[in-house]
1. Going residue by residue through segment 150-159, is there one that turns out to be among the β-branched types (Val, Ile, Thr), surrounded by fewer than 14 Cβ atoms within 10 Å (Cβ to Cβ), farther than 26 Å from Phe223 by Cα and touching a helix residue (DSSP H, G or I) at 6+ places or on another chain (Cβ under 9 Å)?
2. Looking for something assigned to a loop (DSSP other than H, G, I, E, B), out of contact with any Asp or Glu (no Cβ under 6 Å at 6 or more places or on another chain) and more than 18 Å from Ile193 (Cα to Cα) - is there at least one such residue anywhere in segment 276-287?
3. Looking at Tyr185, is it among the aromatic types (Phe, Trp, Tyr) and surrounded by fewer than 16 Cβ atoms within 10 Å (Cβ to Cβ)?
4. It is to be established whether one or more residues within segment 243-250 are in the same structural domain as Met151 (by TED's automatic domain parsing), surrounded by 14 or more Cβ atoms within 10 Å (Cβ to Cβ) and either closer than 18 Å to Phe199 by Cα or out of contact with any strand residue (DSSP E or B) (no Cβ under 8 Å at 6 or more places or on another chain) (or both).
5. Pull up segment 214-229, narrow it to residues that are among the β-branched types (Val, Ile, Thr) and closer than 16 Å to Asp245 by Cα, then point me to the one that is surrounded by the most Cβ atoms within 10 Å (Cβ to Cβ).
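The values are calculated or read from the model by the stated rules, or taken from the named source; none is laboratory data. Computed from a prediction, not measured in an experiment: that's the story for all the values here. Here the Cβ positions follow ideal geometry from the backbone for every residue, glycine too, while neighbour counts run over all protein chains shown.
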Amino acid sequence: MAQQLNFEIKEQMVSLAGACFWFWNSFHSFLESSGVRSSLYQQYPKGTFNKYEVMRNILRVLDENRETETIKRLVSNFYRLRNAVDPEKLDTARARQLLEQFRETVGDDPIEAAIKERQREKTRANYESSVESKAARNKRLSDLNKQFQEMAGTNELTPQQRGFKLESLFFELLHLEELEHTKPYRTPGREQIDGHFKFEKFDYLVEVKWIQGQTKQPALSIFDGKIRGKAQSTRGLFLAAEGFDDTSINKFSGDAPRIVLMTGEDLALILDGSLPLFDVMKAKIDAIVRYGEINFGARNIVVA
């Protein structure tokens, strides 16, 4: 609706005021339910004004004051009427005819139309926000992938420096994936933990290494001891950039394994956007639960 009330609609509403209401209490209740303040309609008392005159004056004041929301509510309430409010005193056939003509003139219930428009605006805003958020996320993931490739291609870092950088990168990834996590910390017993995150119903301690060659059994044994010293719901994720040797994999597979292994190759597939971290974790956990396999490769998801 335009800000000023359409003349034809105004005249129809004036007619409806007399055609649909006989009792003044009904008429005043209708006005109040539409947002018309009592101080306004009380300026036009019964005995001095009839209902047609009251409605005409109210619409004039609302229109002059640009009280468009109240006008919309009046239009909407008339739009929703299907018969006279006081049918025992009025010509119901005429009231229904006038109401039908009014609905045809108005076209749509202005309140419902406004709600639908707000819903459309909200949908548009949510879509635009999601597009922007997705673009920002993809940009951040691309930056992390670039960092990872640079780390892999340089010889200027010591294994310890490379490990620290990989650890930091992994927790940036957890943050990007909105997984609850804790960065490196020490337990009260001064035990060093490379970090922790929550995935589904379990807590995962984190161990990160980037050494020359594959990670061997002693490193996993130490990590396994840290896990088994915690609650039964605690598992571990061991990220080793250059993977694990067969001895360590065989040692910790099979009998109630609690360690998920992740390699640099797995991480690369996540960082380049081929696979979400969520899917990789789900596949690795499923392989442990079903087969006791702790080193399920993310590449197998891509192939499948």
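1. Going residue by residue through segment 150-159, those that are among the β-branched types (Val, Ile, Thr) are 154, 158.
If we keep only those that are surrounded by fewer than 14 Cβ atoms within 10 Å (Cβ to Cβ) as well, we get 154, 158.
From what's left, farther than 26 Å from Phe223 by Cα: 154.
Subset that is touching a helix residue (DSSP H, G or I) at 6+ places or on another chain (Cβ under 9 Å): 154.
Yes, there is a match, as at least one residue in segment 150-159 is among the β-branched types (Val, Ile, Thr), surrounded by fewer than 14 Cβ atoms within 10 Å (Cβ to Cβ), farther than 26 Å from Phe223 by Cα and touching a helix residue (DSSP H, G or I) at 6+ places or on another chain (Cβ under 9 Å).
2. Narrowing segment 276-287 to residues assigned to a loop (DSSP other than H, G, I, E, B): 276.
Subsequent filtering for residues that are out of contact with any Asp or Glu (no Cβ under 6 Å at 6 or more places or on another chain) retains 276.
Within this subset, residues satisfying the condition of being more than 18 Å from Ile193 (Cα to Cα) are 276.
Within segment 276-287 (the criterion being assigned to a loop (DSSP other than H, G, I, E, B), out of contact with any Asp or Glu (no Cβ under 6 Å at 6 or more places or on another chain) and more than 18 Å from Ile193 (Cα to Cα)), the answer is yes, since at least one residue qualifies.
3. Details: among the aromatic types (Phe, Trp, Tyr): yes; surrounded by fewer than 16 Cβ atoms within 10 Å (Cβ to Cβ): yes.
For Tyr185, the condition - among the aromatic types (Phe, Trp, Tyr) and surrounded by fewer than 16 Cβ atoms within 10 Å (Cβ to Cβ) - is met.
4. Of all residues in segment 243-250, those in the same structural domain as Met151 (by TED's automatic domain parsing) come to 243-250.
Among the residues that remain, those that are also surrounded by 14 or more Cβ atoms within 10 Å (Cβ to Cβ) are: 243-245, 248-249.
If we keep only those that are either closer than 18 Å to Phe199 by Cα or out of contact with any strand residue (DSSP E or B) (no Cβ under 8 Å at 6 or more places or on another chain) (or both) as well, we get none.
No.
5. Taking segment 214-229 and keeping what is among the β-branched types (Val, Ile, Thr), we get 215, 222, 227.
Filter once more, so that each one left must be closer than 16 Å to Asp245 by Cα: 215, 222.
Working: Thr215: 24, Ile222: 11.
This residue is Thr215.
Each row is one residue, and each column tells you yes or no for (1) closer than 15 Å to Asn77 by Cα; (2) within 44 Å of the chain's Cα centre (by Cα).
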residue	(1), (2)
Glu11	no, no
Leu16	yes, no
Phe21	yes, no
Val36	yes, yes
Tyr44	no, no
Lys51	no, no
Asn57	no, no
Val61	no, yes
